[in-house]
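This report refers to the structure that appears directly beneath it.
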Number of protein chains: 2
Amino acid sequence: MHAPLLKHINQFLLKPMDPAEEKAVTDRFALKAYRKRQYLLQAGDSSSKNSFVVSGCFRVYVVDTNGKEHNLQFAVENGWALDMGSLYKEEPSEMNIEALEDSAVLQIERKAFYELYDNFPVFDRYFRILAENAYIAAQKRLIRSHSFTAEERYADFIARYPHLVNRISDAKIASFLGMTPEFLSKLRRNFGK
Amino acid sequence: MHAPLLKHINQFLLKPMDPAEEKAVTDRFALKAYRKRQYLLQAGDSSSKNSFVVSGCFRVYVVDTNGKEHNLQFAVENGWALDMGSLYKEEPSEMNIEALEDSAVLQIERKAFYELYDNFPVFDRYFRILAENAYIAAQKRLIRSHSFTAEERYADFIARYPHLVNRISDAKIASFLGMTPEFLSKLRRNFGK
DNA sequence: CGTCTATTTGAATGTACTCAAAAGCGGTGG
DNA sequence: CCACCGCTTTTGAGTACATTCAAATAGACG
């Protein structure tokens with residue numbers, strides 16, 4: 001049941017986890033199911049958790065002061081769905097995480113998560129690499145948002161995430177790319193696909 | 001000489017480094033001076049390093065396919081100046097890092113940097129927390145870039161980084177915020193400085 | 001089938017950009 | 001100490017990219 005997670009962690013390590021480390025993971029991550037449209041996390045929730053997606057798909061989004069939603073991230077199989085800011089603080093979340101499909105995750109609460117760090121250095125290594133990759137990706141996304149037109153961002157999205165294009169609605173992709181759904185529709189009309 | 005760096009690392013740890021860990025740092029980080037306009041890193045460089053800013057100021061930027069520069073980050077005292085993407089790969093850098101003032105850094109090469117990780121788990125912890133904070137900040141910046149107008153982004157910058165406003169030229173701030181210098185000038189005209 | 005949501009379409013509008021030029025500012029050398 | 005040079009900031013006119021709002025159409029779900 002925990003195999004996908006153990007495999008994912010080991011892929012980022014030079015040498016695989018030992019049995020004690022693997023047990024620390026399997027003891028602390030519990031399988032949980034979410035139905036489509038169910039919330040894994042809602043803005044204002046104070047309990048924070050970290051969820052590894054085994055199957056299905058989630059979107060992480062914020063609501064701005066005008067009530068508009070902004071999709072920050074899509075989490076599919078073998079990805080993590082969390083509000084990192086609230087996981088590491090005791091403050092209520094600013095983000096929402098909603099299942100876009102019936103999904104299954106391996107989930108850990110903040111307290112148990114800290115136990116991993118405190119007892120096994122290997123998790124500092126794994127999550128360091130993950131955070132670095134996430135930061136590098138966020139930097140690149142920021143560059144694209146400053147230097148690409150809406151059309152270029154959409155073309156880049158299709159090339160980068162072809163498996164998400166027919167899995168996630170256009171309106172949600174538009175929000176992820178920082179444009180309105182109406183404008184994305186017009187882009188699609190002009191340029192094939 | 002290494003005091004600012006040791007202090008910075010310890011600030012992010014629950015318990016301070018022991019003498020062996022501190023020695024590992026002082027042995028591997030060398031002080032280096034940069035003159036204003038000197039490059040710490042240029043796009044295309046393959047040698048990669050990580051630099052902790054002791055004094056002065058750097059900008060990290062990329063050049064897009066139209067030849068336009070995009071400032072990604074300003075690094076001042078007690079901050080890090082690096083291209084994380086190229087530090088962890090053997091590939092040439094896509095970023096440029098230029099001193100905006102006469103500056104001093106504590107610098108480490110990739111190879112010695114890996115030695116730290118391989119011998120002392122505490123650095124996985126420290127750089128994990130740093131990468132997580134950087135990612136959280138990058139996410140928030142992306143949200144602002146999608147939900148704020150240029151004027152709101154500038155007001156937010158002033159509130160967030162008051163110490164940088166009179167230290168970094170408007171044109172470079174404009175690039176950081178994803179707008180043209182001309183437009184920033186017009187914003188400043190309308191809304192008191 | 002009927003309802004609810006997602007996508008498309010169009011017209012009017014707005015925010016920010018481009019390009020060109022003038023004005024301001026700072027450093028340097030005579 | 002002043003004059004010049006280079007760089008930054010300001011200004012303005014014209015334009016472009018993307019948004020808003022409203023309505024029609026298409027699709028998905030039960």
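Read-outs throughout are calculated quantities, based only on the coordinates presented, and are distinct from any laboratory measurement. These numbers were taken from a predicted model, which means no experiment stands behind them. Ideal geometry is used to build each Cβ from the backbone, glycine not excepted, and the neighbour counts take in all protein chains shown.
Across identical copies of the chain, A:Lys89 has label-point separations of 3.2 nm, listed in ascending order, with the point defined 7 angstrom from Cα along Cα→Cβ. Full extension of the chain between B:Ser47 and B:Phe191 gives 47.4 nm of extra length, using 0.36 nm per residue less the Cα-Cα distance.
Quick one: order B:Leu164, B:Leu177 by neighbouring beta-carbon count within 10 Å, fewest to most.
The order, fewest Cβ neighbours first, is B:Leu164, B:Leu177.
Around the Cα centre of the protein assembly as shown, unit charges on the Cβ atoms of Lys, Arg, Asp and Glu (plus for the first two, minus for the last two) sum to a dipole of about 920 debye.
If the elastic network links every pair of Cα atoms under 10 Å, which of A:Ala30, A:Ala81, A:Ala20 fluctuates the most in the Gaussian network model of chain A? Maximum among the listed residues: A:Ala20.
Quick one: what do you get for the stretch A:121-192 if you divide its Cα Rg by 2.2 N^0.38 Å? Kindly include the intermediate steps, with their values, before the conclusion.
Values: Rg = 15.0 Å, N = 72, 2.2 N^0.38 = 11.2 Å.
In units of the 2.2 N^0.38 Å rule of thumb, it is 1.34.
Applying the Karplus relation 6.51 cos²θ - 1.76 cosθ + 1.60 with θ = phi - 60° to the stretch A:74-79 yields 3J(HN,Hα) values of 10, 10, 10, 2, 6, x Hz, where x marks Gly and Pro. Taking amide H as placed 1.01 Å from N in the peptide plane, the amide H of A:Ser48 sits under 5 Å from that of A:Arg110, each at least 5 places away or on another chain.
Using a Gaussian network model of chain A whose springs link C-alpha atoms within less than 10 Å, name the residue from A:Thr180, A:Thr65, A:Thr149 with the highest mean-square fluctuation. Comparing A:Thr180, A:Thr65, A:Thr149 in a Gaussian network model of chain A, the most mobile one is A:Thr65. Count Lys and Arg as plus one, Asp and Glu as minus one, and take only other residues whose Cβ is under 11 Å from that of A:Arg141; the net charge is then +4.
Each of A:Ala137 and A:Thr65 was given a label point 7 Å from its Cα along the Cα-to-Cβ line. The distance between the two points is 3.0 nm. Using only the alpha-carbon atoms, how far is helix A:19-28 inclined from the longest principal axis of chain A? Give it as 0 to 90 degrees, nearest 10. It works out to around 60 degrees. Proximity of backbone amide H atoms, modeled 1.01 Å from N, is registered between B:Lys89 and no other residue at under 5 Å, excluding neighbours fewer than 5 places apart on the same chain.
Near B:Glu109, once Lys and Arg are set to +1 and Asp and Glu to -1 for all other residues with Cβ below 9 Å from its Cβ, the sum equals +4. Take each residue of peptide B:143-150, count the partner chain Cβ atoms within 10 Å of its Cβ, and average: the result is 5.
Just how far, in whole angstrom, is the stretch B:148-193 from the stretch B:1-75 if you go by their alpha carbon centroids? Cα centroid to Cα centroid, the span is 25 Å.
By the helix-only formula, in which each DSSP H run with n ≥ 4 contributes -39500 (n - 2.57) and the sum is divided by residues, chain B has a 222 nm mean residue ellipticity of -14500 deg cm²/dmol. Tell me whether the protein assembly as shown comes out rounded, prolate or oblate; compute the Cα gyration tensor, take square roots of the eigenvalues as a ≥ b ≥ c, and use a/c under 1.5 as the rounded threshold. Because a/c hits 1.5 or more and a/b fails to exceed b/c, the protein assembly as shown counts as oblate. In summary, the aspartates and glutamates within cross-link reach of A:Lys7, defined as a Cα separation below 18 angstrom excluding same-chain residues under 8 places away, comprise A:Asp18, A:Glu21, A:Glu22, A:Asp27, A:Glu77, A:Asp124.
For B:Gln73, the residues whose amide H sits under 5 Å from its own are B:Val60, ignoring neighbours fewer than 5 places away on the same chain, with H placed 1.01 Å from N. Taking a straight line from the alpha carbon of A:Lys68, these lysines sit under 23 Å away, with near neighbours fewer than eight places off in the same chain left out: A:Lys36, A:Lys172, A:Lys186, B:Lys140. Cα convex hull, chain A: 127 Å³ per residue, rounded to a whole number.
Sequence-ordered 3J(HN,Hα) estimates for the stretch B:165-176 from the Karplus curve with 6.51, -1.76 and 1.60 and θ = phi - 60° stand at 4, 9, 10, 10, 5, 4, 4, 6, 5, 4, 5, 4 Hz, glycine and proline given as x.
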